[in-house]
Amino acid sequence: MKKFALIALSLLTLSSQPSFAGSKTLVEYGVVQNSQIITTQTHSRPLRTIAAGAAGAAIGNQFGGGSGKTIMTATGAVAGVEASRHRQSQQQNPQQVNLQIKTNGGQIIQVVQDYNGSTTFKPGDKVRIMTSGSNTTVDKSV
């Protein structure tokens, strides 16, 4: 019985599919034909702006008396709204770079990837194109 189990286990091991340790990355080289930075618009946050205006009004309401109190409340509301708008405009909008590349094999490909600001691409730049699965990234070749 032990011999039969050992033979069955050996046959099962030999007939199973081999396992792979990693994935394959295809590397190509090419030349940038066109490069364009794309800035994605961030959405304004009207509830945040309203809340900042209300907070400013509440703080402004603590000062002054009579018509001065009304003026300080309005001034606080406007200051809160403007502070919120300023902060929202200062937040970084996500950017991507759209690259049109002619590969050394003669194909024209287009790649859109995140733009980090440190690597700029110009027409004529030699680049390395790395594709792993459905992910493609481009960097300057050396």
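The values are calculated or read from the model by the stated rules, or taken from the named source; none is laboratory data. Quick caveat: nothing in here was measured; it's all calculated off a predicted structure. Quick reminder, even Gly has a Cβ in these numbers, built from the backbone with ideal geometry, and neighbours come from all protein chains shown.
Any residue in the stretch 19-38 that is among the acidic types (Asp, Glu), at pLDDT 85 or above, surrounded by 14 or more Cβ atoms within 10 Å (Cβ to Cβ) and over 30 Å from VAL112 (Cα atoms)?
Looking for residues that are among the acidic types (Asp, Glu), at pLDDT 85 or above, surrounded by 14 or more Cβ atoms within 10 Å (Cβ to Cβ) and over 30 Å from VAL112 (Cα atoms), one finds none in the stretch 19-38, hence no.
Go over the candidates THR103, THR120, THR137, THR39 one by one and state the one that is more than 30 Å from SER23 (Cα to Cα) and either among the β-branched types (Val, Ile, Thr) or in contact (Cβ under 8 Å) with a residue 60 or more places away in the chain (or both). Let's see the steps before the verdict.
Details: THR103 fails: more than 30 Å from SER23 (Cα to Cα); THR120 fails: more than 30 Å from SER23 (Cα to Cα); THR137 fails: more than 30 Å from SER23 (Cα to Cα).
So the residue among THR103, THR120, THR137, THR39 that is more than 30 Å from SER23 (Cα to Cα) and either among the β-branched types (Val, Ile, Thr) or in contact (Cβ under 8 Å) with a residue 60 or more places away in the chain (or both) is THR39.
Within the stretch 64-82, is even one residue modelled with pLDDT under 85 and surrounded by 13 or more Cβ atoms within 10 Å (Cβ to Cβ)?
Taking every residue of the stretch 64-82 in turn, at least one turns out to be modelled with pLDDT under 85 and surrounded by 13 or more Cβ atoms within 10 Å (Cβ to Cβ).
Within the stretch 44-56, can one find any residue that is of a type in the set (Ser, Thr, Tyr) and loosely packed, with under 10 Cβ neighbours inside 10 Å? Give the steps one after another, and end with the answer.
From the stretch 44-56, those of a type in the set (Ser, Thr, Tyr) are 44, 49; that's our starting set.
Cutting the leftovers down to loosely packed, with under 10 Cβ neighbours inside 10 Å gives us none.
For the stretch 44-56, residues of a type in the set (Ser, Thr, Tyr) and loosely packed, with under 10 Cβ neighbours inside 10 Å: absent.
Mind listing whichever residues of the stretch 104-142 are farther than 19 Å from GLN36 by Cβ and not in a strand (DSSP E or B)?
Within the stretch 104-142, the first condition is being farther than 19 Å from GLN36 by Cβ, and the residues that meet it are 104-107, 128, 130-135, 141-142.
Across the stretch 104-142, the qualifying residues are ASN104, GLY105, GLY106, GLN107, GLY133, SER134, SER141, VAL142.
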